[in-house]
Structures are given as C-alpha cells and as structure tokens.
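Right, one structure below, let's go through it.
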Amino acid sequence: MRLLFFESIDSLNQFTRSLRAATLPPCNCGADNHWTSHGFTYKQLSATHRCVVGKRIICANRCGRTGCGATRQLYLSSTLPRIHYRADVLTLFIVALINGTPIHSAYQQATQANSHRHAYRWLHQMKCRLVNYRPQLASMNTANSTRITTRSTRSLLLTEPLMTTLQHFQSHWANKLVQQYQLTTQAIFL
Ligand SMILES: [Zn+2]
C-alpha cells in the first residue's frame, strides 16, 4: 500500500472531499474509485494530549458501493508514521548533527528526552535508508547548491556519507527537510 503525504490538514481535507475525482490507484480488491473518507487519525502523545496525524480512507462497501472495506492511511508530512516523534523533532536532531553537536546532545536537545538510546537507532535507520535518499539527491541540482562544508567532529566522521546527503537536503529544504522529503518523494523519511 503506497503512502500518501499532505502538507496541511486543509490540503488533506480538500483531497478527501474530492475523492471521487481523485486519481488514486484502485484498491487491491480491484474496485475502482470506491475510496471514501473514514475520518481523522491521531497519535496519542500523552494521557491528555493527542495530535492529528492524517486521515483514513476506506474502499466503501456500504450505500450501494461494492468495495471491500479495506482502509488506507493518508498522512500529514509533519508525521513520521513509524516513530513517536514528529518530523520537526527529527529535523532538529539532524540539523544539530550537521552543526557538529555530539550525537547524545543532539538527540536530547531535539527530543527533550532523558535517554539518548534511540539516537543510534535513528542514525542506523537513516544509514539504511541512504539507498532511498540517493535518487532524490540525484534529482536535485546539487552542483548549484551551497558548497557543503564538512566539520571534523566525531559525529560527522562516524556517519559521513549520510551527513553529506543530509546537508544537501538541508541546503535545499532548510529546516523543513524531513517534511519536504516526505512531501516530495511520497515516501517515509524514517
Ligand atoms: Zn477494496
């Protein structure tokens, strides 16, 4: 199932209001254009606070429609579907690393968490996704982008090919790099 990212709740609402006219791929069941809005989806941030992460659409099987009832999730580009934190938190982590902040501090600055356990998981996962990032990097005119200055900090030395890629993304998308990556490629950043 292909993910779909939207820049704002407004653009997401506009899309789900005009689903009949949308050019979505047919459902796996073969039903063409039975997609209909199934409401907002949320991520629970704490006992009292939740935020909208996107909307679900359903291959409608009621009111005379012959879909199968399968659902499909649409996301705001500010959401990291598989991760508790929002995309701007991951962006803060990345920008801190680019600026030479040590890995532990970068993670704690970005997440305000006490533990930095996931910092290495995030780095590892980004390294694994380099192969996904590269086509996007190639499609940017990197020759014209700001010349990348590498800093000889330990964090950069540890992860250099990744950091070069992330620096290019930052020079292109500034401090919206994770959101813009998801919006542009329609693929999850992490
Ligand atoms: Zn279906």
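Since every read-out is calculated from the coordinates, none of them should be taken as a lab result. Small disclaimer: the values here were computed from a predicted structure and weren't measured. Positions of Cβ are generated from backbone atoms using ideal geometry, with glycine treated the same way; all protein chains shown enter the neighbour counts.
Let me have the 222 nm mean residue ellipticity of the chain computed from DSSP H runs of 4+ only, each contributing -39500 (n - 2.57), with the sum over all residues rounded to the nearest 500.
Values: 8 runs with 80 residues, N = 190.
About -12500 deg cm²/dmol.
Can you give the convex hull volume of the alpha carbon atoms of the stretch 7-114 per residue, in Å³? If you can, show how the numbers build up before the last one.
Working: hull volume 14.8 nm³, N = 108.
Enclosed volume per residue, from the Cα hull, is 137 Å³.
Tell me, what is the FRET efficiency for Tyr120 and Asn175 to the nearest 0.05, using R0 = 22 angstrom and their Cβ-Cβ distance as r? Display every interim value, and only then the final one.
Values: r = 23 Å, r/R0 = 1.05.
Once rounded, the FRET efficiency stands at 0.45.
Over the stretch 45-108, the fraction of Cα-Cα pairs per 5 Å bin, rounded to whole percents and listed from the shortest bin up, is 4, 15, 15, 14, 14, 12, 10, 6, 4, 4, 3, 1.
Amide H contacts for Val53 (H built 1.01 Å from N in the peptide plane; partners 5 or more residues away or on another chain; cut-off under 5 Å): Thr41, Tyr42, Lys43.
Model label sites at Ala187 and Gln136, defined 7 Å from Cα along the beta-carbon direction, differ in position by 0.9 nm.
Counting only the Cα atoms, the chain fills a convex hull of 138 Å³ per residue. Highest mean packing comes first when the peptides 96-104, 127-135 are listed by Cβ atoms within 10 Å, giving 96-104, 127-135. Of the residues Leu183, Ser78, Tyr120, the one whose Cα sits farthest towards the positive end of the charge dipole of the chain is Tyr120 (charges of +1 on Lys and Arg Cβ, -1 on Asp and Glu Cβ, taken about the Cα centre). For the pair Cys128 and Cys29 in one chain, pulling the backbone fully straight at 0.36 nm per residue adds 32.4 nm over the alpha carbon distance.
Give, rounded to the nearest 20 debye, the magnitude of the charge dipole that the stretch 4-76 has about its Cα centre when Lys and Arg contribute +1 at Cβ and Asp and Glu contribute -1 at Cβ. Before the final figure, lay out each step's value.
On the way: 9 positive and 3 negative charges, 46 e Å.
Computed about the Cα centre, the dipole is about 220 debye.
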